[in-house]
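Student: Provided herewith is a single structure, encoded as structure tokens, for subsequent inquiry.
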Amino acid sequence: MGANLSAVAYLIAGICFVMALRGLSSPTTARAGNLHGIAGMVIAGATTLAAPGVLSYGLILAGLVIGGAIGTVIAIKIEMRAMPQLVAAFHSLVGMAAVLVAAAALYQPDAYGIGTVGTIKGLSLVEMSLGAVIGTVTFSGSVVAFAKLQGMVGGAPVVFPGQHWLNLAIGVAIVAIGVRFVGSESHGLFWLMTALAFLVGVLIIVPIGGADMPVVISMLNSYSGWAAAGIGFTLENSALIITGALVGSSGAILSYIMCKGMNRSFVSVILGGFGAAEGVVAAGGPARPVKSGSAEDAAFLLKNAASVIIVPGYGMAVAQAQHALREMGDKLTKAGVKVRYAIHPVAGRMPGHMNVLLAEANVPYDQVLELEAINSDFRATDVAFVIGANDVTNPIAKTDPTSPIYGMPVLDVEYAKTILFLKRSLASGYAGIGNELFYRNNTMMLFADAKKMCEDIVKYL
Amino acid sequence: MEAATVDPLVFRLTIFVLAVFVGYYVVWSVTPALHTPLMSVTNAISSVIIVGALIAAGPADLSLSKVLGFVAVVLAAVNIFGGFAVTQRMLQMFRRKG
């Protein structure tokens, strides 16, 4: 295949990837979009296989079969609750692949047409360094994020004095080594630079607490894109450059949306240390009286309501309550109650996580609304049913400037006629602060396991 | 400006910057409900880095870079197949009422 024809094919692949993202503007076009993505990948892969330098297919085929089989099995078996971990793991693979490709280009530059060993173009070395360093940071950062999400290490932030200075020092060292690497093409310096980048990846993720995980995953998504773009420049491949740019900006936008959903600045998330006190019962003062009810009470309130808004949080997913919840919603809908679901931007552990969990439980997506779309409706709602969520409903975010969550957009459940709070205890949420709503007159606490309670309510409906 | 030809790097930078802008506008049009599939599909497409891996794994003779290429092919393939398959699986779940 001629070089010009290949370049056109890579461009087409790039356009297919744009279409894949474009399709996601609505659930009705999303599946077609995904097929575009697959088509783009096939075009890009086939074009490369037809390149003059690719002569032996045995090892490539073996690699595709092994990797394809592993990937497919994982994709079929993975639980939707574990999507954040899966995505983190996948990011680490992209990062690692970027490093390996950069190293391969360093050891065999003639295959990529960027010179011969010892005489690689300086510019190519710069691009290679960028791809390798960002790729390594993506790799080690994603591994730490994966371990945190999977519960292999504690989710609490790890902070120590001088942390940011240490990161800065290593960053400066990487740049200095990078400059010398570009001047010398020393393989030793390449690996030294990569090793330091590995350390940076670990160090920038450990101080970030569990509550900020959605930002971390989005950020790593972005990094994996920039790494791919860096390699794209080295390989002078437009499909890779376009894709890297798309993915990089996608991750950056998602990070921004997640930060905004928590009213945190990106810098403060990166600096970390938030969300240390997790699951502590709101401290201070004597115990205040709360109204608590049974499944029967809740069922009575729900079926006599004209409209109900369900506010699910990550606790619902932990309790695996989404199917029981959907059954409850269905029964209410059948009884003539207007049922809708309200989703806070950071309701799950990654962007859009809650929507997927509800979709998995067969909740129709047109009943599921985002915060801006539904927040004004709480005033005209009879029952707000909060299940496994806490901080995202806390009115203190609107009233107390000293609160750590002050300014965070919250769901206005406080304006509903009755609030049903399904929770195991009065413990606070990620942010470590109590919720005033528990003690309101129009609040009824339902202390139980979320799944068990939903099943019991269904019995009484 | 005396150079008559433009460095190819400038063309690549042009592509890159334009693609960042395309990405910016396209991603803002993605419905928040599909942000998780967005992440899994961006994951899958960023594995187009496999093109670099295929070139490394392609030469007839065995070398260090061929081995590195092979490992990269495996990793990228996990991502491509896994990423597209899990995205499709999620998108199948999004259904309207009835």
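Student: I'd like the full set of residues that are hydroxyl-bearing (Ser, Thr, Tyr) and open to solvent by 30 Å² or more (accessible area, probe 1.4 Å), limited to region A:419-428. Show your work before the answer.
Tutor: Filtering region A:419-428 for residues hydroxyl-bearing (Ser, Thr, Tyr) gives A:425, A:428.
Result: A:Ser425, single match.
Student: What pairs can you find where one residue is in region A:137-160 and more than 22 Å from A:Ala197 (Cβ to Cβ), the other is open to solvent by 30 Å² or more (accessible area, probe 1.4 Å) and acidic (Asp, Glu), and their Cβ atoms are less than 7 Å apart, with a gap of 6+ or different chains?
Tutor: A:Ala156/A:Glu278
Student: Could you check, for region A:116-131, whether at least one of its residues is under 19 Å from the mean Cα position of the chain (by Cα) and in a loop (DSSP other than H, G, I, E, B)? Lay out the reasoning, then the answer.
Tutor: Step one: list which residues in region A:116-131 are under 19 Å from the mean Cα position of the chain (by Cα), which gives none.
Scanning region A:116-131, I find no residue that is under 19 Å from the mean Cα position of the chain (by Cα) and in a loop (DSSP other than H, G, I, E, B), so the answer is no.
Table: residues versus (1) in a helix (DSSP H, G or I); (2) among the aromatic types (Phe, Trp, Tyr); (3) at pLDDT 90 or above; (4) open to solvent by 20 Å² or more (accessible area, probe 1.4 Å).
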{"site": "A:Val386", "(1), (2), (3), (4)": "no, no, yes, no"}
{"site": "A:Ala397", "(1), (2), (3), (4)": "yes, no, yes, no"}
{"site": "A:Ser403", "(1), (2), (3), (4)": "no, no, no, no"}
{"site": "A:Pro409", "(1), (2), (3), (4)": "no, no, yes, yes"}
{"site": "A:Tyr430", "(1), (2), (3), (4)": "no, yes, no, yes"}
{"site": "A:Gly434", "(1), (2), (3), (4)": "no, no, no, yes"}
{"site": "A:Met444", "(1), (2), (3), (4)": "no, no, yes, yes"}
{"site": "A:Cys454", "(1), (2), (3), (4)": "yes, no, yes, no"}
{"site": "A:Lys459", "(1), (2), (3), (4)": "yes, no, yes, yes"}
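Student: Would it be correct to say that A:Leu24 is open to solvent by 30 Å² or more (accessible area, probe 1.4 Å) and in a helix (DSSP H, G or I)? Steps first, answer last, please.
Tutor: On the way: open to solvent by 30 Å² or more (accessible area, probe 1.4 Å): no; in a helix (DSSP H, G or I): yes.
Spelling it out, it is not the case that A:Leu24 is open to solvent by 30 Å² or more (accessible area, probe 1.4 Å) and in a helix (DSSP H, G or I).
Student: Within region A:107-119, can you find the residues that are open to solvent by 10 Å² or more (accessible area, probe 1.4 Å) and either at the interface with another protein chain (Cβ under 7 Å from one of its Cβ atoms) or not polar (S, T, N, Q) (or both)?
Tutor: Answer for region A:107-119, where residues must be open to solvent by 10 Å² or more (accessible area, probe 1.4 Å) and either at the interface with another protein chain (Cβ under 7 Å from one of its Cβ atoms) or not polar (S, T, N, Q) (or both): A:Tyr107, A:Gln108, A:Asp110, A:Ala111, A:Tyr112, A:Gly113, A:Gly115, A:Val117, A:Gly118.
Student: Let me ask you something else. Could you grab me the full set of residues in region A:362-381 that are surrounded by fewer than 19 Cβ atoms within 10 Å (Cβ to Cβ) and closer than 19 Å to A:Arg326 by Cα?
Tutor: The answer is A:Asn362, A:Pro364, A:Asp366, A:Gln367, A:Leu369, A:Glu370.
Student: Would you mind stating whether A:Ala62 is of a type in the set (A, V, I, L, M), under 29 Å from A:Ile170 (Cβ atoms) and surrounded by fewer than 24 Cβ atoms within 10 Å (Cβ to Cβ)?
Tutor: Working: of a type in the set (A, V, I, L, M): yes; under 29 Å from A:Ile170 (Cβ atoms): no; surrounded by fewer than 24 Cβ atoms within 10 Å (Cβ to Cβ): yes.
No.
Student: Condition first: closer than 20 Å to A:Gln163 by Cβ, modelled with pLDDT under 90, more than 14 Å from chain B (Cβ to nearest Cβ) and in a helix (DSSP H, G or I). Can you find one or more residues in region A:270-288 that meet it?
Tutor: Residues of region A:270-288 closer than 20 Å to A:Gln163 by Cβ: A:270-277.
Of the ones still in play, those that are also modelled with pLDDT under 90 are A:270-277.
Now restrict to residues that are more than 14 Å from chain B (Cβ to nearest Cβ): A:270-277.
Retained after the next criterion (residues that are in a helix (DSSP H, G or I)): A:270-271.
Yes, that holds for at least one residue.
Student: Moving on to the next point. Would you be able to say whether some residue in region B:4-17 is hydrophobic (A, V, I, L, M, F, W, C), open to solvent by 10 Å² or more (accessible area, probe 1.4 Å) and within 14 Å of the chain's Cα centre (by Cα)? Even if it seems obvious, please write down each step before you answer.
Tutor: Step one: of region B:4-17, the residues hydrophobic (A, V, I, L, M, F, W, C) are B:4, B:6, B:9-11, B:13, B:15-17.
Next, only the ones that are open to solvent by 10 Å² or more (accessible area, probe 1.4 Å) stay: B:4, B:6, B:9-11, B:13, B:15-17.
Checking the rest, the ones that are also within 14 Å of the chain's Cα centre (by Cα) come to B:16.
Yes - at least one qualifying residue is present in region B:4-17.
Student: Then there's this: Got at least one residue in region A:255-268 being open to solvent by 20 Å² or more (accessible area, probe 1.4 Å), facing another protein chain (nearest Cβ under 10 Å) and closer than 30 Å to A:Ile43 by Cα?
Tutor: The answer is no; no qualifying residue exists.
Student: Quickly run through region B:60-89 and pick out the residues that are over 19 Å from the mean Cα position of the chain (by Cα) and open to solvent by less than 20 Å² (accessible area, probe 1.4 Å).
Tutor: Of everything in region B:60-89, those that are over 19 Å from the mean Cα position of the chain (by Cα) and open to solvent by less than 20 Å² (accessible area, probe 1.4 Å) turn out to be B:Ser65, B:Lys66.
Let's see how each residue does on (1) part of a helix (DSSP H, G or I); (2) farther than 22 Å from A:Asn237 by Cβ; (3) within 27 Å of the chain's Cα centre (by Cα):
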{"residue": "A:Ala147", "(1), (2), (3)": "yes, yes, yes"}
{"residue": "A:Val159", "(1), (2), (3)": "no, yes, yes"}
{"residue": "A:Trp165", "(1), (2), (3)": "yes, yes, no"}
{"residue": "A:Ile174", "(1), (2), (3)": "yes, yes, no"}
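Student: Residues in region A:234-244: is at least one crowded, with 23+ Cβ neighbours inside 10 Å, away from every other protein chain (no Cβ under 14 Å) and part of a helix (DSSP H, G or I)?
Tutor: no
Student: Within the set of pairs 6 or more residues apart or between chains, which connect a residue that is more than 7 Å from chain B (Cβ to nearest Cβ) and at pLDDT below 95 inside region A:51-73 to a residue that is assigned to a loop (DSSP other than H, G, I, E, B) and open to solvent by less than 50 Å² (accessible area, probe 1.4 Å) with Cβ atoms less than 9 Å apart?
Tutor: A:Tyr57/B:Gly58
Student: From the list A:Ser92, A:Ser6, A:Ser26, exactly one residue is hydroxyl-bearing (Ser, Thr, Tyr), more than 7 Å from every other protein chain (Cβ to nearest Cβ) and under 20 Å from the mean Cα position of the chain (by Cα). Which is it? Walk me through it before giving the result.
Tutor: Working: A:Ser6 fails: under 20 Å from the mean Cα position of the chain (by Cα); A:Ser26 fails: more than 7 Å from every other protein chain (Cβ to nearest Cβ).
Criteria check complete, one pass: A:Ser92.
Student: Hey, among the residues in region A:137-166 that are of a type in the set (Val, Ile, Thr) and under 18 Å from A:Ile270 (Cα atoms), which one's most open to solvent (accessible area, probe 1.4 Å)?
Tutor: The qualifying residue most open to solvent (accessible area, probe 1.4 Å) is A:Val159.
Student: Looking at (1) open to solvent by less than 10 Å² (accessible area, probe 1.4 Å); (2) at the interface with chain B (Cβ under 7 Å from one of its Cβ atoms); (3) farther than 15 Å from A:Ser142 by Cβ; (4) in contact (Cβ under 8 Å) with a residue 40 or more places away in the chain, which one does A:Ala104 not meet, given that it meets all the others?
Tutor: Failed condition: (4).
The values are calculated or read from the model by the stated rules, or taken from the named source; none is laboratory data. Values in this document were obtained by computation on a predicted structure and should not be read as measured data. Cβ coordinates were reconstructed from backbone atoms using ideal geometry, including for glycine residues, and neighbour counts include every protein chain displayed. Accessible surface areas use protein heavy atoms only, side chains included; no ligands, DNA or RNA. Shrake-Rupley method; radii C 1.70, N 1.55, O 1.52, S 1.80 Å.
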